[in-house]
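Below: the structure, in structure tokens.
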Amino acid sequence: MASNYNSSERQRIAQQRLKIIAGHLQKDGDGQPVRIFANDCKAEATDRRSSVARSMPKRRQEIMKWNGWGYSDSRFLFNKKGQAEFTGKRYRLSGLILPSLKDWFEGTFGANLQHKSPAVPSVSASTVPPPCLNEDFVQDVKASGVPYSHEAEDRMFRAHGHCLHEIFALREGKVGRVPDMVVWPNCHDDVVKIVELASKHNVCLIPYGGGTSVSSALECPPEETRSIVSLDTSQMNRILWIDEKNLTAHIEAGIVGQDLERVLNESGYCTGHEPDSMEFSSLGGWVATRASGMKKNIYGNIEDLVIHIKMVTPRGVIEKGCQGPRMSMGPDIHHFILGSEGTLGVVTEVTMKIRPIPEYQKYGSVVFPSFEQGVACLREIAKQRCAPASIRLMDNAQFQFGHALKPQVSSIFTSFLDGLKKFYITKFKGFDPHRLCVTTLLFEGDRERVLQHEKQVYDIAAKFGGLAAGEDNGQRGYMLTFVIAYLRDLGMEYYVIGESFETSVPWDRVLDLCRNVKERIVRECKEKGVQFPPMSTCRVTQTYDAGACVYFYFAFNYRGLADPVHVYDQVEHAAREEILANGGSLSHHHGVGKLRKQWMKESISNVGLGMLKSVKDFVDPDNIFGNRNLL
Amino acid sequence: MASKALYSQRDPALKKRDDFEDILDERRNSSDLRYALRCYTPVLYKGMTPCKASTLKTIVLQSEQVRYVINQVSKEMGETPDIVQEEALAILEEMAQRLQLSTIRFFAFTLSKAFKALFQSVRVNEEGIQRLQQAIHEHPVVLLPSHRSYIDFLMMSYVLYTYDLALPVIAAGMDFLGMKFVGEMLRMSGAFFIRRSFGGDKLYWAVFSEYVKTMLRNGYAPIEFFLEGTRSRTCKSLTPKLGLLNIVMDPFFKGEVFDVSLVPISISYERVLEETLYARELLGVPKPKESTSGLLKARRILSEDYGSIHVYFGQPVSVRSLAQGRINRSEYNLIPRYIPRKSSEETQSFVNDTAYMLVRRQEENMVLRPWVLIAAVLMQNLDGLDLELLTKQTVWLRGLAGAFGAFLDWPDQTPADKVVASSLALHHGLVQATGGRVRLLEGPQDPASPEEALFDQAVGVLSCASYRNQVLHVFLRPALVAVALETANTSRNDDVYSSFLYLRNVFSNEFILCPGASVQDFEEGCYLLLKCGAIQMLQQDLVVTERGQPILSFLSGMLEPFLQGYQVVCRYFSEEASEGLTEKQYIPAVRSFAVKRILSEGLKCYEALSSDLQKNALAALLRMSALRKVKAADQVTLKVNTMAVKAIEDTLGGKVPAQKPVLARL
Ligand SMILES: Cc1cc2nc3c(=O)[nH]c(=O)nc-3n(C[C@H](O)[C@H](O)[C@H](O)COP(=O)(O)OP(=O)(O)OC[C@H]3O[C@@H](n4cnc5c(N)ncnc54)[C@H](O)[C@@H]3O)c2cc1C
């Protein structure tokens, strides 16, 4: 136990913490918690199954959409009255009406509720190409006792991530190359067996974590002639031990973010790693893509959080021999694994830092007269190294968007207060509603420090013309984080397609990059024949000493276009070129996958590419991990 | 030989040009005062409200760019940064514009009066104005007018005010500041002043470039400057200067703006206010210092008729589109953008090509009045010719110019003889028609000396030449081909090309010939000649047709004065130039050499007396290594390679074909 808490206090905090997470994510706790195991894989399989309620079943399609984002029961729709609502019970927004969404949607995109572009309701198993099986491999897997399947639905589900083109194709009922088989190892040793067998029979393995990839990383290379096996890590989801002396936990890599936090919370801890996809993305996936969480300012990005990684490669298992907090032993081998995107092996177990759950959390928001001032403020906050757990700056279009997502009635959004605030900001302060932008804040820590910290941040903001805009606006912003991903599916019902993409960029170029990329998108859309002006907006989502992470949202109405996805791809391509030309990186956290491979050479130089290649050649000479990401 | 497809693309005759409106029309029918005081609400860049001129100075002084250089200079000079900063402030004070609407209104009023007195009409293409308005709204705009007269820049602001467009800030030479009152007036109408030369002065450069860039980035106002750097005394476009163009493109290269629109503008004068002034200047009469009294003398001018003016606002050119595939902006990713550094070779050649392209756009959109065709005919008949013949030839030339895509403003409804007569009348100061014969005006009857008589005659010739020069760009490429056909060894395509290449190289300071575009230029020249039936292509040969004879001889006749002029310069160097000749001595020396030749040999090459031609020839000889600059003590002297100079002279004289090796690319 951490010394500064007594146990009842800890329990109280844990309870509170659970509520907060549930507040972010879900209405009710979802099923029973995952248990912590100190034993290893040898535990009786049956025993394990009976005692663990997994949030992710093997047959994911039972609870998740096969052609869209998230849980099947949760989605946006326009009801008979033309009002938007969010279905299901899981989220704070669930069951609520969003009265302004329709106008915003129609106004922003020139969309019309009469013009629908519905998805095909389902695809028949016969649409999915029959599996090309390596019989010897199948026999050996069967003998090893590792569960597997070659059912069409299981295979199709693991053939994609969440890029626009992937989801669009599914909605049209188009299925390309899919894995020929899925295996569900239960533990590290199972993975060792599978990898050995794959090497022995020359089968292509593609690790599959949460399936939230947005870089075409999970796509099966169409040129692959071998049997492709998707290695689904979801059943490796136990926390094997917690070390309270060193504040570390040893965790199986298939655990998804929400389970990890939930289970740790029960013991009063958290990792603090909260990528927006944390409901579904997995620890192994984070390691494999160098993921970044919203609260990295306190807890760090994934590379700061891992202490020890175990990865199974065709050459054997790679891991370090101790858990020292920092080492000088040549190049850090973790950095070959972090960001390897499933090209070298399967991450099976990870030792991660944990922290006691913070005593106190507080949201906040600041409105700035302009994006320029907002960025200047973030820069100053970064300079003074006093960024709160999370700080995000939305541009004006996103601010408007946020407004469109206001639910009808809700205890925390009394419209009276809203009206008053709007009046105050736009009239009294002379803020131009078409220029102002908003920053949302999340503070964490002990109460006193949070309040102190809060004051410091608001004082800085005031110097840049920022006006505190209340806790509610901030909280709403963070709550929306998890439902925004559902919105794309709604758009796609009405001829609107879109995507987000990100970069990191030095401070001095943030504004230039934002402006140029947004404008490039608008211009490219026009040139490519898009009939309506696109939505092209951005937010600054992370601050660093030397720069920031910028996130773009881009969507447009594709009515009248013969090949909307192609147009989309061209525009995104142009936007990426613009990012690179303006000093931005190829990716801050989404990774490279196959989508951004073409820019690797200019991004890391020929020699750099050669270094990565030679590692791949040594570790996996037969290209067993043949997803062809990155290189 | 390249494909026909390329030819047809370059067919200038197909280019559609806009119609014109006379803006003086309304001025003649309504109150100038009301016009000067009317409500003025221009469209601004992105709807931004520009900051105050004084705020601008603060932004510049506090910019990272300027601060960086201040620190650098202070370290180098051992001065405190404060002192250097003061210096920077002084530079800025000297430079900065103080654009004021009231001054513009003052000019709107007075210029209305003046323009109505001077000109028959001031005609503007309104579609160009609309395009410009759109461009100003979307991106920072750079206005690039041609420069033939002092009044160009007042004219520009006047037109923009008239159309309710954002008023530009204008880069002007320091010499204006010599005229106390006028300088300040110009400053208040948006002029900012730059020293003519500031060689290695880092601080000056930093302050100056940052000043311009700040105005551009903030969308403060359209930036206006003259690509040609100075007024062209010959009315030929001058080869572009790159400094300011570099500066205004830099914010795009560095990602500070999404795009920059460059707008070439062609201002054509039917009669240039300064015409004989220029000729005198070219002949070595020192130009009157830009003094207020000098300008006031211009009052006399007010009683003359200067015909009409055309202002053509060209298609805005997007730097971003031009740079596509040529400029790698990530070049600036690894060094802070405020640290000054030399641009890469690709960038330099890109800026250079762009500059040439823009000057060509200016040329192409120059409106040509009948008089320039008449002048072109007269220049080939310096002894005069019958009015009837002149008319016939002018009409013939009109047809040819039309076929070559010239932007002619010829009154179709008027009979040709009337057109010619009225042109002659307008230019009565240059030509006279007596007894059915037209000739250039002679000087006073009994001159003090033969030199003086020659000088007087030369003023007339050079003035007339300046009108011919306005139409030169239309004929330049076919004319170079025509001369190449005469001098080439054989009529084989590649022989003709190598002669062409040689000539093009010799004349690349004289005319607007974009470096690296020799193949395109040759193709364009050949294409136009093929199109008008002057030549035929028989297998590998370019053959002159019967119909083509007069065309080709006229075309080569057009270049004759230049060929002769350059030969005179060559002769000067091979025969007379003394050891240790300095650059400074060169112009007077070559001039008196030419005077002697003309007087003793009865040559008619008056253009050899033009300092413009002399300077261009010097640059060509240096470029072709026939001359070398030698630094000795504090002097730069010219060292002659006599063999090389002679070879050039002979080649230009047609005695020896160009010995340039054929390019494999053909
Ligand atoms: C709505 C949404 C929001 C997102 N927000 C964030 C965010 O805030 N921060 C962020 O960093 N990312 C974010 N992402 C991107 C994505 O969630 C991350 O890349 C995540 O790390 C992927 O994890 P996953 O478990 O879903 O991996 P998958 O998508 O299943 O796989 C991704 C890649 O990793 C490989 N891989 C997976 N597991 C393993 C393993 N155990 N061993 C070896 N290789 C493996 C796969 O082969 C594949 O190449 C978001 C994506 C979406 C759709």
Counting just the Cα atoms, what span does region A:85-171 cover along each of its three principal axes? Round to the nearest Å and put the largest first.
59, 28, 20
Projected convex hull area of region B:526-570, Cα atoms, direction-averaged, in nm², equals 3.9 nm²
Thinking of region B:37-78 as a set of Cα atoms, what percent of all their pairs are more than 13 Å apart?
69 percent
Tell me the relative contact order for region B:467-569 as a rounded percent, counting alpha carbon contacts under 8 Å between residues six or more apart.
31 percent
Cα principal axis extents for the protein assembly as shown, largest first, Å:
126, 70, 68
Whole-Hz ³J(HN,Hα) for each residue in region B:232-240, computed from phi via Karplus 6.51 cos²θ - 1.76 cosθ + 1.60 with θ = phi - 60°, x for glycine and proline: what do you get?
7, 6, 9, 6, 8, 5, 8, 4, x
Amide H proximity to B:Asn125 below 5 Å, modelled H, separation 5+ or other chain, gives B:Glu21, B:Val311, B:Phe313
For B:Met188, A:Met329, B:Met366, give me the order by solvent-accessible area with a 1.4 Å probe, most accessible first, ignoring ligands, DNA and RNA.
A:Met329, B:Met188, B:Met366
Going by a ≥ b ≥ c, the root eigenvalues of the Cα gyration tensor, does region B:383-511 fall in the rounded group (a/c under 1.5), the prolate group (a/b larger than b/c) or the oblate group?
oblate
Contact order normalised by residue count of chain B, Cα under 8 Å, 6+ apart, percent
13 percent
Can you give me the C-alpha center-to-center distance between region A:76-126 and region A:130-150, rounded to a whole angstrom?
41 Å
Under 15 Å by backbone N from the virtual spin label 7 Å along Cα-to-Cβ at A:Gln384, the residues of region A:461-480 are A:461-468
HN-Hα couplings for region B:246-259 via Karplus (6.51, -1.76, 1.60; θ = phi - 60°), in whole Hz with x for Gly/Pro, come out as 3, 4, 6, 8, 3, x, 6, 4, 8, x, 7, 9, 6, 7
Post the alpha-carbon centroid distance, region B:145-183 to region A:237-304, in whole angstrom.
67 Å
Note to self: C-alpha centroids of region B:14-49 and region A:507-546 sit apart, in Å, by 35 Å
Treating cross-link reach as a plain straight distance, find the lysines whose alpha-carbon is under 29 Å from the alpha-carbon of B:Lys75, omitting any fewer than eight places away in the same chain.
A:Lys383, B:Lys57, B:Lys202, B:Lys213, B:Lys254, B:Lys342
Which lysines have a Cα less than 25 Å from the Cα of B:Lys116, not counting those fewer than 8 places away in the same chain?
B:Lys297, B:Lys418
For region B:434-495, whose charge dipole is built from +1 on Lys and Arg Cβ atoms and -1 on Asp and Glu Cβ atoms, the candidate among B:Val471, B:Phe455, B:Thr434 with its Cα farthest towards the positive end is B:Val471
To the nearest 20 debye, chain B has a Cα-centred charge dipole, built from +1 on Lys and Arg Cβ and -1 on Asp and Glu Cβ, of 760 debye
Averaged across A:394-404, how many Cβ atoms of other chains sit within 10 Å of each residue's Cβ atom?
0
With an 8 Å cut-off on Cα pairs and a minimum separation of 6 or more residues, tell me the relative contact order of region B:30-104 in percent.
27 percent
I want to verify the translational diffusion coefficient of region B:555-661 in µm²/s; compute it with Stokes-Einstein, Rh as the Kirkwood radius over Cα pairs, at 10 °C and 1.306 mPa s.
113 µm²/s
Mean other chain Cβ within 10 Å across A:578-586 is 4
5 angstrom amide H check on B:Ile170, placed H, neighbours 5+ away
B:Ala191, B:Phe192, B:Glu224
Output wanted: per-residue J couplings in Hz (rounded whole) for region A:181-190, from phi through Karplus 6.51 cos²θ - 1.76 cosθ + 1.60, θ = phi - 60°, x for Gly and Pro.
7, 10, 10, 10, x, 9, 6, 3, 5, 4
Calculate log10 I(q)/I(0) of chain A for q = 0.05, 0.06 Å⁻¹, where I(q) comes from the Debye formula with a single equal point scatterer on each Cα and nothing for solvent.
-0.21, -0.31
Suppose R0 equals 22 Å. What FRET efficiency, 1/(1 + (r/R0)^6) with r the Cβ-Cβ distance, do B:Lys241 and B:Glu93 give to the nearest 0.05?
0.35
Mind running the shape call on region A:471-566? Use the C-alpha gyration tensor, a ≥ b ≥ c as the square roots of the eigenvalues: rounded below 1.5 for a/c, prolate if a/b tops b/c, oblate otherwise.
oblate
Acute angle (nearest 10 degrees) that the helix B:64-77 long axis makes with the longest principal axis of chain B, alpha-carbon atoms
80 degrees
Cα to Cα, under 17 Å, and not fewer than 8 places away if on the same chain: which lysines meet these conditions relative to B:Lys646?
B:Lys655, B:Lys660
Based on DSSP H runs of at least 4 residues, each adding -39500 (n - 2.57), what is the mean residue ellipticity at 222 nm of chain B after dividing by all its residues, to the nearest 500 deg cm²/dmol?
-16500 deg cm²/dmol
Just how much of A:Cys322 is accessible, in Å², when a 1.4 Å probe is used and the result is rounded to the nearest 10?
60 Å²
Too-long pairs where the Cα-Cα distance tops 26 Å, listed order kept, from A:Lys81/A:Lys528; A:Lys406/A:Lys463; A:Lys245/A:Lys295
A:Lys81/A:Lys528; A:Lys406/A:Lys463
With only helices counted (DSSP H, runs n ≥ 4, each -39500 (n - 2.57)), the per-residue ellipticity at 222 nm for chain A, to the nearest 500, works out to -11000 deg cm²/dmol
Mind running the shape call on region A:223-295? Use the C-alpha gyration tensor, a ≥ b ≥ c as the square roots of the eigenvalues: rounded below 1.5 for a/c, prolate if a/b tops b/c, oblate otherwise.
prolate
Sequence ranges B:69-75, A:498-504, ranked by mean other-Cβ count within 10 angstrom, highest first:
A:498-504, B:69-75
At a 1.4 Å probe radius, which order do B:Met185, B:Met179 fall into by accessible area, largest first?
B:Met185, B:Met179
Principal axis lengths of region B:475-623 from Cα atoms, whole Å, largest first?
51, 34, 24
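The values are calculated or read from the model by the stated rules, or taken from the named source; none is laboratory data. Because the structure is a prediction, the values reported are computed rather than measured. All Cβ positions, glycine included, derive from the backbone under ideal geometry; neighbour counts span all protein chains shown. Surface areas here come from the heavy atoms of the whole protein model, side chains and all, with no ligands, DNA or RNA. Shrake-Rupley method; radii C 1.70, N 1.55, O 1.52, S 1.80 Å.
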